[in-house]
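Quick one: the structure is below, and I'll ask about it shortly.
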Amino acid sequence: MSDASPVLATDVRRVAVMTVLTVLAGAVDAVSFLTMGKVFCALATGNVLFLSFALAGEGVVPVARPATAIGAFVAGAAVGGAVLKWLAERGRPWFPLGLVCEAVLLVCAGALALAEHGTGPVPAHHDRGVVALVALAMGVRASTALRVHVPGMPTLLSQTAIAGLINDVLSRPGAALRGMTAKQRQARTRWTATVGGIFTGGVLGALLLVPLGTGRALLVIAAAVLLLAAVGRVAPPPREAEAAPESTP
């Protein structure tokens with residue numbers, strides 16, 4: 001499977017790009033949870049649990065918000081996966097286009113939040129449109145990350161990376177990065193970047209973006225995604241294209 005993007009030509013570039021996307025995912029969930037009625041738009045697992053609590057009549061999140069987020073995420077992943085596959089099969093630059101689609105949806109969500117609620121948070125009883133657009137964008141992101149296929153870096157969750165990193169450290173407690181094989185270094189670097197990226201994104205989202213209000217925060221995140229898409233378009237072409245995704249270390 002061709003990457004169809006010079007910015008993804010090497011493992012170092014892949015890890016750097018996916019780390020930035022992971023940070024942005026953490027920021028999205030900080031904004032969505034703290035300003036959009038306690039719902040996750042990137043972490044689908046959280047919404048599945050919220051929905052189960054709501055259906056059981058417990059918790060503080062009603063059925064509508066997690067159900068909307070889950071449905072939109074699934075729709076975004078399905079449509080995004082189909083479109084990206086179509087582009088890849090025709091040798092088109094699917095990676096930057098996937099990011100552009102994500103950014104456009106985030107811009108729409110930010111504009112809707114600003115139009116309806118100004119610069120403050122989205123009221124919990126009027127948030128389904130914004131939640132749907134952000135979750136739709138994260139569904140597209142999920143399919144984009146899946147097609148990039150960097151093992152241990154799905155950009156939207158950290159549980160697997162935490163488990164992989166802990167098991168790796170326990171199996172080689174005295175090993176530093178220099179004493180490892182290239183694959184071992186790559187795996188540990190990816191897991192660390194995923195865990196650190198989600199955490200960093202959450203901190204940045206809570207401290208810098210949440211005070212901006214929902215709409216402006218989403219526009220800032222969309223701008224960062226668009227910048228990454230632009231980098232993917234203007235990066236110098238690699239000497240030799242890689243034809244297949246990497247195998248899991």
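Can you pull out the helices (runs of 4 or more DSSP H) entirely within the stretch 9-119 that have at least 3 residues that are in contact with a Gly (Cβ under 8 Å, 6 or more places away or on another chain) and crowded, with 18+ Cβ neighbours inside 10 Å?
Once the helices (runs of 4 or more DSSP H) in the stretch 9-119 are filtered for at least 3 residues that are in contact with a Gly (Cβ under 8 Å, 6 or more places away or on another chain) and crowded, with 18+ Cβ neighbours inside 10 Å, what remains is 11-35, 64-89, 94-117.
A quick yes/no check of all residues on (1) at pLDDT below 85; (2) buried (at least 18 other Cβ atoms within 10 Å of the Cβ); (3) of a type in the set (Asp, Glu):
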site	(1), (2), (3)
Arg185	yes, no, no
Trp191	yes, yes, no
Gly197	no, yes, no
Gly201	no, yes, no
Gly205	no, yes, no
Leu209	no, yes, no
Thr214	no, yes, no
Ala222	no, yes, no
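Does Val23 satisfy the criteria of being without any contact (Cβ under 8 Å) to a residue 40 or more places away in the chain and not aromatic (Phe, Trp, Tyr)?
no
If you go through the stretch 128-148 one residue at a time, do you hit one that is open to solvent by less than 50 Å² (accessible area, probe 1.4 Å), of a type outside the set (A, V, I, L, M), within 21 Å of Gly201 (Cβ to Cβ) and modelled with pLDDT under 85?
Checked the stretch 128-148: no residue is open to solvent by less than 50 Å² (accessible area, probe 1.4 Å), of a type outside the set (A, V, I, L, M), within 21 Å of Gly201 (Cβ to Cβ) and modelled with pLDDT under 85.
Go through the residues of the stretch 32-48 one by one and say whether even a single one is over 19 Å from the mean Cα position of the chain (by Cα) and modelled with pLDDT under 85.
yes
Would you mind stating whether Arg90 is among the charged types (D, E, K, R) and without any contact (Cβ under 8 Å) to a residue 40 or more places away in the chain?
yes
The values are calculated or read from the model by the stated rules, or taken from the named source; none is laboratory data. Here the structure is a predicted model, which means the values were calculated and not measured. Cβ: placed from backbone, ideal geometry, glycine included. Neighbour counts: every protein chain shown. With ligands, DNA and RNA removed, areas are computed over all heavy atoms of the protein, side chains included. Shrake-Rupley method; radii C 1.70, N 1.55, O 1.52, S 1.80 Å.
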